[in-house]
Amino acid sequence: MIPIAEEIRIRGTVQGVGFRPTVYRLARACGLNGEVCNDGQGVLIRVSGSAASLAEFVTKLQQECPPLARIQELIRTPYTGELNADGFIISESINNTINTDIVPDTATCLECRQEIFDPFSRFYRYPFTNCTHCGPRLSIIRTLPYDRPHTSMVDFPLCSECAEDYHNLENRRFHAQPIACHLCGPKAWLERVDTQPITASLFSMLDDVDAVCTLLQRGEIVAIKGLGGIHLACDATQEIAVQKLRQRKNRYRKPLALMARDLGVVAEYCAVSPQEEELLTSPASPIVLLQPTGKKQLAPSVAPGQNTLGFMLPYTPLHHLILKRMNRPIVLTSGNVADEPQCITNDEAREKLGPIADYLLLHNREIINRVDDSVVRVIGSQVQTIRRARGYAPAPMSLPPGFEDVPPILAMGGELKNTFCLLRGGEAILSQHLGDLENAAAFDAYQNTLNLYLNIFAHQPEIIAIDHHPEYLSAKLGQQLATANQLQLANIQHHHAHVAACMAEHSIPLNSTPVLGIAFDGLGYGEDGTMWGGEFLLADYCGFQRVATLKPTAMIGGAQAIYQPWRSTYTQLMSAFSWEELQTSYGNLEIVNFLNQKPLQLLHQMREKGINSPLTSSVGRLFDAVARAVGICREESSYEGEAAIALEALVSLNNYEDRSNYPWQLTFLDNIYYMDPSPMWRVLLNDLQRQIPPSIIAAKFHQSLAHIVVETVSNLCQVHLINRVVLTGGVFQNRILLEQVKRELQQLELEVFTPSLVPINDGGISLGQAVIAAARSIQRIY
Ligand SMILES: [Zn+2]
Ligand SMILES: [Zn+2]
């Protein structure tokens, strides 16, 4: 048998994740000679051995790839140079250049979990245990390269045992930068908000972390400093505790996230499919929206008006230790006031969460980057990302064919649920969810995080992409950056960005024929200066043609309409009836009575003269209108989309099998199809008069909307060559609508794409902006 020699080049996330020790172990197990090292492109391996053992080595490397590593590319070439012929070694990094990928924060691995509950381990009950395969990453990094002195672990010099583990190639903690133990690492402690001493009975507990469990069981509210932020926790089965939390936090209706000790506890409340189980237990450990089974009930205030519960499993040793004795779920919601970002420092916690919590569980490992919990769900068999943050960001995403040579681009995102995106060398780095920029503290955090990313990834953009909306703070900041640094500015339409983000995620190549993108959401600035939100765009990466839309109506009072759904009901009704007719025929209905108590003359005038009443084709506002007509969110909604979510939740209350639905009209004008719901309203009001249950009305509305979308697509198919359809935008977080539209479009033999790893709401548009700007730059369209 003649030995052969090969050079194996590996690209991807392969540094700082325990890749070289794995290579070392496998090479030796396969009896190969040679060496492995890090270099500027990733990992380089040079080996010799029999063809069979080389093949075995490569297979095993892919199979036994360390949990946090990601092999993007593995290239084998024959090697004829010098080679270490005496065993296998890890050699020095070449050129000392370090690949700059930062790994997301990762849930505690199984081995670390076993150690924290093993009384004979030196990590027994240590809340900050981690290893090369798990623990904090993005949340603790200040600058590059990713070494301990550049993280918030700088304050904690290694003890001799940790140092030994750190330097031992055979140890799971080899080069684990955040490694720590009781002796040398961060510590957690409990404080009473009223600064009184903590009662003696709590001292019978194992330690401060364990005492938190007892406090929660007693119905207290505890602020808990975790991995990427500080949460507020209480027992999710005690209605009084949950209500107390909501009142003190001034958060009355938004659903609260839950954490449970293990899958067994989750399964007592919700159905968990194998795919959902995989997500819950994945290294990212997101909040997964699950269907309650109704077998066992939580406190009613946990998620009022929702048909899902958001569960996550413990993802740090601290959370595992708190929940060890807890056989029921706890509420674990972000610790913040109003719409501000989640608190991250001990001082903020004392000042801002003190009035909300009874106790604070703090620690002295600084959170440098705020990283919220991610939120995902499974629809059909596809994952849908609602918030992409902890566990996912900032893992890079590969760009589709054609985008290999993109110039460095920075895309600023939108306004709500915002993210930004960096494009470089064929990949996109999407930031974690940064919240709604209209909040001053969130905007500050957005700018800080942006600076950090530009620094960490050594990113010097040549093009800055912004939303078309002149008032978005992200767009204004982008403009300033472009002017100050003399960079090119790319102005991108909101819904085009939604569609392009989905195309990029699904690797649709740069030079493909256009897709039909259907983008339904709350609001986005349209090319004609009106607010769009119900768009059918024939789109490629460079441009689009608007081929259909929801018929626009006035948004009375502008942005006020977002939080007062009755404004949308009013404007919809007025597009179908005269006020006199409404009075005469439907004067007995609650909604008509309600509107009668509003300043009608003023509203009529605003609508007729367009005073503070921009036109909008938003499907989100149409959902608001229907929801309010059946009595949801009578005066106000407390967050955008609340009414729509409640309307969807109503549908599942009955098994509506009747296929009858509401009539719409489809008109064709100036090369655009208009979906007009005005004929629907007469039938819907008749249903209300006949006291048809709101759940049936909601079901009929969903069906009618799905139906008109499919009819519109069928019509468009006759005019345009369409074989691929993209469904995107926040409205498609609606499971019923998404599933039905998708199914019916597939029956028309169309290929249907929806965003999965990229948020389907405005959290995804920065990626779309970036790839559109890149496409225009590559094709020299400015
Ligand atoms: Zn671990
Ligand atoms: Zn130590």
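Mind telling me which of the residues Asn369, Asn336, Asn346, Asn364 ends up being in contact (Cβ under 8 Å) with a residue 12 or more places away in the chain and farther than 27 Å from Asn250 by Cα?
So the residue among Asn369, Asn336, Asn346, Asn364 that is in contact (Cβ under 8 Å) with a residue 12 or more places away in the chain and farther than 27 Å from Asn250 by Cα is Asn364.
Does Leu477 satisfy being in contact with a strand residue (DSSP E or B) (Cβ under 9 Å, 6 or more places away or on another chain) and either surrounded by fewer than 16 Cβ atoms within 10 Å (Cβ to Cβ) or not β-branched (Val, Ile, Thr) (or both)?
Spelling it out, Leu477 is indeed in contact with a strand residue (DSSP E or B) (Cβ under 9 Å, 6 or more places away or on another chain) and either surrounded by fewer than 16 Cβ atoms within 10 Å (Cβ to Cβ) or not β-branched (Val, Ile, Thr) (or both).
Among the helices (runs of 4 or more DSSP H) contained in segment 665-764, which hold 3 or more residues that are farther than 20 Å from Gln382 by Cα, modelled with pLDDT under 95 and open to solvent by 10 Å² or more (accessible area, probe 1.4 Å)?
The helices (runs of 4 or more DSSP H) meeting that bar are 694-719.
Which of the residues that make up segment 154-187 are hydrophobic (A, V, I, L, M, F, W, C) and more than 15 Å from ligand 1 (Cβ to nearest atom)? Walk me through how you get there before you give the answer.
Within segment 154-187, the first condition is being hydrophobic (A, V, I, L, M, F, W, C), and the residues that meet it are 154, 156, 158-159, 162-163, 169, 174, 176, 179-181, 183-184.
Of everything in segment 154-187, those that are hydrophobic (A, V, I, L, M, F, W, C) and more than 15 Å from ligand 1 (Cβ to nearest atom) turn out to be Val154, Phe156, Leu158, Cys159, Ala163, Leu169, Leu183, Cys184.
Test each condition in (1) in contact with an Asp or Glu (Cβ under 6 Å, 6 or more places away or on another chain); (2) surrounded by 14 or more Cβ atoms within 10 Å (Cβ to Cβ); (3) not hydrophobic (A, V, I, L, M, F, W, C) for Arg628 and report the one that comes out false.
In the conditions (1) in contact with an Asp or Glu (Cβ under 6 Å, 6 or more places away or on another chain); (2) surrounded by 14 or more Cβ atoms within 10 Å (Cβ to Cβ); (3) not hydrophobic (A, V, I, L, M, F, W, C), Arg628 misses (1) alone.
Filter segment 127-142 down to residues that are within 15 Å of ligand 1 (Cβ to nearest atom) and either basic (Lys, Arg) or in a strand (DSSP E or B) (or both), then give me how many there are.
Here the count works out to 4.
Need a quick list: helices (runs of 4 or more DSSP H) entirely within segment 428-540 having at least 2 residues that are within 29 Å of Asn723 (Cα to Cα).
Qualifying helices (runs of 4 or more DSSP H): 494-505.
Listed here are the residues, each with its yes/no results for (1) under 25 Å from Val14 (Cβ atoms); (2) modelled with pLDDT under 85; (3) away from ligand 2 (no atom under 16 Å from the Cβ); (4) surrounded by 15 or more Cβ atoms within 10 Å (Cβ to Cβ).
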position	(1), (2), (3), (4)
Asn95	yes, yes, yes, no
Thr106	yes, no, yes, yes
Cys112	yes, no, no, yes
Phe128	no, no, no, yes
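Against the condition of a type in the set (A, V, I, L, M) and either under 30 Å from Ala69 (Cβ atoms) or open to solvent by less than 10 Å² (accessible area, probe 1.4 Å) (or both), how does Ala271 come out, does it pass? Don't jump to the end; show me each part of the working.
Working: of a type in the set (A, V, I, L, M): yes; either under 30 Å from Ala69 (Cβ atoms) or open to solvent by less than 10 Å² (accessible area, probe 1.4 Å) (or both): no.
The answer is no for Ala271.
Does any residue in segment 116-129 that is more than 10 Å from Cys181 (Cβ to Cβ) come within less than 7 Å, Cβ to Cβ, of a residue that is of a type in the set (Phe, Trp, Tyr) six or more places away or on a different chain, and which pairs are these?
Listed pairs, sorted by first residue: Ile116/Phe123; Ile116/Tyr124; Ile116/Tyr126; Asp118/Tyr124.
Which of the residues belonging to segment 400-430 are at negative phi and surrounded by fewer than 24 Cβ atoms within 10 Å (Cβ to Cβ)?
Answer for segment 400-430, where residues must be at negative phi and surrounded by fewer than 24 Cβ atoms within 10 Å (Cβ to Cβ): Pro400, Pro401, Phe403, Glu404, Asp405, Pro407, Pro408, Glu415, Leu416, Arg424, Glu427, Ile429.
I need a count of the residues in segment 31-49 that are open to solvent by less than 20 Å² (accessible area, probe 1.4 Å) and more than 27 Å from Asp101 (Cβ to Cβ).
Looking only at that region, the number is 1.
Residues of segment 765-782 being part of a helix (DSSP H, G or I) and among the aliphatic types (A, V, I, L, M), which ones? Talk me through it step by step, then tell me what you get.
Of the residues in segment 765-782, the ones part of a helix (DSSP H, G or I) are 765-778.
Ile765, Leu767, Ala770, Val771, Ile772, Ala773, Ala774, Ala775, Ile778 - these are the residues of segment 765-782 that are part of a helix (DSSP H, G or I) and among the aliphatic types (A, V, I, L, M).
Among the residues of segment 541-583, write down those that are part of a strand (DSSP E or B) and of a type outside the set (A, V, I, L, M). Give the derivation first.
Taking segment 541-583 and keeping what is part of a strand (DSSP E or B), we get 544-550, 553-554.
The answer is Phe544, Gln545, Arg546, Thr549, Thr553.
I'd like to check something: does segment 534-544 contain any residue that is more than 26 Å from Ile591 (Cα to Cα) and modelled with pLDDT under 95?
No, because not a single residue in segment 534-544 is more than 26 Å from Ile591 (Cα to Cα) and modelled with pLDDT under 95.
Please specify each residue of segment 547-561 satisfying the condition of being surrounded by fewer than 24 Cβ atoms within 10 Å (Cβ to Cβ) and under 16 Å from Ser638 (Cβ atoms).
Scanning segment 547-561 gives Ala559, Gln560.
I'd like the residue in segment 143-197 that is in a helix (DSSP H, G or I) and open to solvent by 60 Å² or more (accessible area, probe 1.4 Å) and, out of all such residues, is farthest from ligand 2 (Cβ to nearest atom). Write out each step before concluding.
Within segment 143-197, the subset in a helix (DSSP H, G or I) is 148-150, 152-155, 160-167.
Now narrow it down to the ones that are open to solvent by 60 Å² or more (accessible area, probe 1.4 Å): 149, 154-155, 160-161, 164, 167.
Values: Pro149: 16, Val154: 15, Asp155: 13, Ser160: 8, Glu161: 6, Glu164: 9, His167: 13 Å.
By that ranking, first place goes to Pro149.
Among the numbered criteria (1) touching a helix residue (DSSP H, G or I) at 6+ places or on another chain (Cβ under 8 Å); (2) free of Cβ contacts under 8 Å to residues at least 60 places away in the same chain, which single criterion is violated by Gly558?
Failed condition: (1).
Does segment 466-490 hold any residues that are out of contact with any Ser or Thr (no Cβ under 7 Å at 6 or more places or on another chain) and within 9 Å of Gln769 (Cβ to Cβ), and which are they?
Once the filter is applied, which keeps residues that are out of contact with any Ser or Thr (no Cβ under 7 Å at 6 or more places or on another chain) and within 9 Å of Gln769 (Cβ to Cβ), segment 466-490 yields only Ala490.
The values are calculated or read from the model by the stated rules, or taken from the named source; none is laboratory data. Computed from a predicted structure; not experimentally measured. Here Cβ is always computed from backbone atoms with ideal geometry, including for glycine, and neighbour counts include all displayed protein chains. The accessibility values were calculated without ligands, DNA or RNA, using every heavy atom of the protein model including side chains. Shrake-Rupley method; radii C 1.70, N 1.55, O 1.52, S 1.80 Å.
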